[in-house]
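The values are calculated or read from the model by the stated rules, or taken from the named source; none is laboratory data. Computed from a predicted model, the values in this text were never measured in an experiment. Here Cβ is always computed from backbone atoms with ideal geometry, including for glycine, and neighbour counts include all displayed protein chains. To get the accessible areas, we keep the full protein, side chains included, count just its heavy atoms, and leave off ligands, DNA and RNA. Shrake-Rupley method; radii C 1.70, N 1.55, O 1.52, S 1.80 Å.
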Amino acid sequence: MNAPVNLDRLLPELDHRHLDALEEEAIFILREVAASFERPALLFSGGKDSCVVLRLAEKAFKQRNAEAFAAGDLNRFDGTLPFPLLHVDTGHNFPEVIEFRDRRVAEMGERLVVGHLEDSIKRGTVRLAHPLESRNGHQTVTLLEAIEENRFDCLIGGARRDEEKARAKERIFSHRDSFGQWQPKEQRPELWTLFNTRIRPGEHFRAFPISNWTELDVWLYIAREQIPLPGLYYAHERPVIRRKGLLVPLTEVTPPEAGETVETATVRFRTVGDMTCTCPVESDAADAADIVAETLTVTVSERGATRMDDRTSDASMERRKKEGYF
């Protein structure tokens, strides 16, 4: 019989050297994007994965501020990125995340391009069945419109292969056809870290520098680099509704249904997205180190534990990705 593991003893013994290898790989991929494409953009939602990719981009293309670094501030860099940041705003994002996104971009002095789903609704390219319908799946239309309008030829994203079955099929450089669609059986081989980035007019790529990272790797890196995140990722009290095995946050777009009871719970979000389909988990983790310890014990992926839209079917994510989703 195996003896129980004391997490308090295990955490100081975690070997972080693998993070250096993952970081080096990600920086190499980011520089490949900058060298191979004319108009790339970095997808930045304010979520933890995009915050990690943003930090990696800073390390790839900017220089740390020496005075701030000497004072223990790891978040100050000099220079600008060779590409803008892009966010698709559904209009149902958590206000805390939008506030964090704008503040972080302003601090860094970078350019942010925002595609508003509300504009797609006004144009008639997105039609909702009812006002409170989840807008998560409709992001695809707004994203493809933003790509066409800005003529982006590569989008850098924070997707990881451990998140979901469909994302496990992704290449690091994922080709999209002239309709923005992903064809799993037509992805290009990536032997010996050689990438075929040739595209025809109207096509583009999605690049995923942290494909080989896990949720644990992300939190270890956040802790090591002291990367700022929205407060939603850490324990806080929030009114929630227990529905179908999930904790649904009480918001204006997720009101209680008949017979449901609203309660206050101490929760945190493992991922943030559209309020209509993103749920928190009960947790007392107050900082990145606490979340590392908690992540070591979980048995359900973050999307499986918190995303209602991914529970509709086993193929729901793959279907959305084929249509052009992130």
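Remarks
- Per this entry, Leu216 is not counted among residues that are closer than 24 Å to Glu294 by Cα, assigned to a helix (DSSP H, G or I), touching a helix residue (DSSP H, G or I) at 6+ places or on another chain (Cβ under 6 Å) and open to solvent by less than 20 Å² (accessible area, probe 1.4 Å).
- Summed over the stretch 263-287, residues that are among the charged types (D, E, K, R), more than 10 Å from His236 (Cα to Cα) and open to solvent by less than 10 Å² (accessible area, probe 1.4 Å) total 1.
- Any hit, the stretch 75-82, residues being open to solvent by 70 Å² or more (accessible area, probe 1.4 Å), within 17 Å of Ile227 (Cα to Cα), at pLDDT below 95 and part of a loop (DSSP other than H, G, I, E, B): yes
- Within the stretch 233-271, the residues that satisfy the criterion of being among the hydroxyl-bearing types (Ser, Thr, Tyr) and within 23 Å of Pro131 (Cβ to Cβ) are Thr251, Thr254.
- Subset tally (residues that are more than 21 Å from Glu302 (Cα to Cα), among the acidic types (Asp, Glu) and touching a residue at least 12 places away in the same chain (Cβ under 8 Å)) for the stretch 156-213: 3
- Residue satisfying condition, being out of contact with any Lys or Arg (no Cβ under 7 Å at 6 or more places or on another chain), in a loop (DSSP other than H, G, I, E, B) and modelled with pLDDT under 95, within set Ala289, Ala258: Ala258
- For Ala168, the requirement of being out of contact with any helix residue (DSSP H, G or I) (no Cβ under 8 Å at 6 or more places or on another chain), of a type outside the set (D, E, K, R) and modelled with pLDDT under 90 is met.
- Cβ separations smaller than 7 Å between residues 6+ apart or across chains give the following pairs from the stretch 1-28 residues that are surrounded by 12 or more Cβ atoms within 10 Å (Cβ to Cβ) to residues that are at pLDDT below 90: Leu7/Leu296.
- Considering each residue of the stretch 178-200 in turn, none proves to be of a type in the set (D, E, K, R) and closer than 21 Å to Leu86 by Cα.
- Pairs with Cβ under 7 Å, 6+ apart, first in the stretch 98-109 and more than 9 Å from Gly46 (Cα to Cα) and open to solvent by 50 Å² or more (accessible area, probe 1.4 Å), second among the β-branched types (Val, Ile, Thr) and not in a helix (DSSP H, G or I): Gly109/Thr80
- Condition check for Ser301 on (1) modelled with pLDDT under 90; (2) touching a helix residue (DSSP H, G or I) at 6+ places or on another chain (Cβ under 7 Å); (3) open to solvent by 20 Å² or more (accessible area, probe 1.4 Å): one failure, at (2).
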